[in-house]
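Notes for the one structure printed next.
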Amino acid sequence: MAHSYNLPLTFLLVLVCHTVEQVNGVWPLPQQIDVSADRYSLSPQLFSFTYGKDSAAQSGCFVLDAAFKRYFSIIFPDFSDGPAFGHYHMWSEPKPFVVSVSVKTRGCDGYPDEDSDESYNLSVSEGQAVLTSMSVWGALRGLESLSQLVYQDDDDAYFINKTEIMDFPRFAFRGLLLDTSRHYLPLHAILKTLDAMAYSKFNVFHWHIVDDPSFPYQSRTFPDLSNKGAFHPFTHIYTQSDVMRVIEHARMRGIRVVPEFDSPGHTQSWGRGQPDLLTPCYKGTAPSGSFGPVNPTLDTTYKFMEHLFKEVKSVFPDSYVHIGGDEVSFSCWQSNPDVRKFMEKMGFGKDFTKLESFYMESIMNMTAALNKTSIVWQDVFDYHERIPQDTVLEIWKGTTEKYYAELSRMTKAGHRVLLSAPWYINHISYGQDWRDSYAVRPQNFSGTEEQKKLVIGGEVAMWGEYVDATNLNPRLWPRACAAAERLWSNEEKTLNADLAFPRLEEFRCKLLRRGIQAEPLFVGHCKHEYNDL
């Protein structure tokens, strides 16, 4: 490094200006951020986190104690290499720098929930950063923003600029769905996804844990569901301790875990371990040997579902559970003489949407009795089912025009809504398809202000037909980050994808440095390329 001391002054000034331009890169963009050209050198040896005197959380608050350790390594990624103090001489001797965190309310031992306050204020000045928030969850979001403000010059010395941030999320529910049925995702892939979610300030992991192809969730009450329904009963399952590990890893990052047990369709794998659950299909007057959706005509079906959801309530602490209700094929029900008799008895005529409604209403009542808020796919609303008012509806189908019309209808009926349709990023195309995600305007439908408030957020969906641990990270990141900014940031300040591009490009390089295999956005390079290839 010695040669750098003789650099001409003009070059040094250019270098300073160039570096200052790089640092305004917080993703997603805070509600208000003011970055000054004043900058302070940081030394890992003289950098510390502490709790403010008036903070309700103090040392021993596990969520924040762990976050301080985690963010120290993120802020100083090459500290283990033992950076030499010589790096700093051409600017100034580093001084001690203290990050003081003050949280107004207790809550270190709880779980984030739909009412969690994630707002924070961050003020960076000489020798200190002061982070204040209502809750530990807001403090986590502030620590993430702080970590993105620190940068290195060409000599790898660390700097931070004088900054003021006032920030809060636009939407309370900012979700990401992973499908672990079509391909099993090993635990490490899920944990790494949770890390990357926290970097983008996502706060809900929607775990689409089971589906037609496999049932990897190992149930305590019904062990045969995974014994017979998983791809492999030992290697391709999530044990109870795996699930607890995911929930705790998520909690430490302020992320809720909402499981989905989708029925009555998408249940072929359930039938392998639970006899008489699925409807036998008929060819003419004889059973064909194949099975359709869950059989809604049997009492045993509802007893089974009740026991399963009681277990789900005891395992997953979040107040939300996703119960599905999408893409139910009626042909098998139609072919079955017992189902047809049941339809007649119930006065449903030949309208099988009424039979699905009957089934879904029973499941919604069941989850309501367990004090869980149900999320259902839009099909349930489209079939005019009597839906409990606090049920959350999730839109997954249709063009922009169609999902806007659906948003109008659902919110007019007084329901809270999640938007997912434009963020099915398992679909990929050549080029910068993140721009499409970025252009989405979730409240741009016709309706009153009250209706618009019922849109509580949205979800990025990564369905697993063509995704496993080999390509999950590059397909997800940084493409999911576009939706993350749309769901967190002020829409008026983030409408221009061209303006966002340099910040996203810089954030993508940060993800690489943090060990996330995020794919490139366009031609170029990162100063620190991904190391583990």
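The values are calculated or read from the model by the stated rules, or taken from the named source; none is laboratory data. Treat the numbers as computed from the prediction; the structure is a model and nothing was measured. No Cβ is skipped: glycine too gets one built from the backbone with ideal geometry, and neighbour counts run over all protein chains shown. Note: accessible area is taken over every heavy atom of the protein model, side chains too, but ligands, DNA and RNA are not part of it. Shrake-Rupley method; radii C 1.70, N 1.55, O 1.52, S 1.80 Å.
What the table shows:
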{"item": "Scope segment 131-175; condition open to solvent by 10 Å² or more (accessible area, probe 1.4 Å) and of a type in the set (Asp, Glu); matching residues", "result": "ASP154, ASP155, ASP156, GLU164"}
{"item": "Any helices (runs of 4 or more DSSP H) falling wholly within segment 324-410 and containing at least 3 residues that are more than 34 Å from the chain's Cα centre (by Cα)", "result": "331-335, 337-346"}
{"item": "Members of segment 113-150 found to be among the hydrophobic types (A, V, I, L, M, F, W, C) and part of a helix (DSSP H, G or I), listed by number", "result": "VAL136, TRP137, ALA139, LEU140, LEU143, LEU146, LEU149"}
{"item": "Selection from segment 433-442 of residues that are part of a loop (DSSP other than H, G, I, E, B) and open to solvent by 50 Å² or more (accessible area, probe 1.4 Å)", "result": "ALA439, ARG441"}
{"item": "Among the residues listed as ASP154, ASP167, the single one being over 22 Å from PRO96 (Cβ atoms) and at pLDDT below 95", "result": "ASP154"}
{"item": "Residue selected from segment 233-252 under the condition within 17 Å of LEU177 (Cα to Cα) and β-branched (Val, Ile, Thr), by the criterion surrounded by the fewest Cβ atoms within 10 Å (Cβ to Cβ)", "result": "VAL243"}
{"item": "In segment 301-318, residue farthest from GLU260 (Cα to Cα) [restricted to those that are open to solvent by less than 40 Å² (accessible area, probe 1.4 Å) and not aromatic (Phe, Trp, Tyr)]", "result": "THR301"}
{"item": "Segment 179-232, residues that are part of a helix (DSSP H, G or I), open to solvent by 40 Å² or more (accessible area, probe 1.4 Å) and either among the acidic types (Asp, Glu) or touching a His at 6+ places or on another chain (Cβ under 6 Å) (or both)", "result": "ASP224"}
{"item": "Tally of residues being assigned to a helix (DSSP H, G or I) and either buried (at least 17 other Cβ atoms within 10 Å of the Cβ) or aromatic (Phe, Trp, Tyr) (or both) across segment 453-473", "result": "2"}
{"item": "Top-ranked residue in segment 253-268 [being open to solvent by 10 Å² or more (accessible area, probe 1.4 Å) and assigned to a loop (DSSP other than H, G, I, E, B); ranked as farthest from GLU356 (Cα to Cα)]", "result": "ARG253"}
{"item": "For ASP326: the one exception among (1) closer than 29 Å to GLU248 by Cβ; (2) surrounded by 16 or more Cβ atoms within 10 Å (Cβ to Cβ); (3) touching an Asp or Glu at 6+ places or on another chain (Cβ under 9 Å)", "result": "(1)"}
{"item": "Residues of segment 270-300 classified as among the hydroxyl-bearing types (Ser, Thr, Tyr) and crowded, with 22+ Cβ neighbours inside 10 Å, total", "result": "1"}
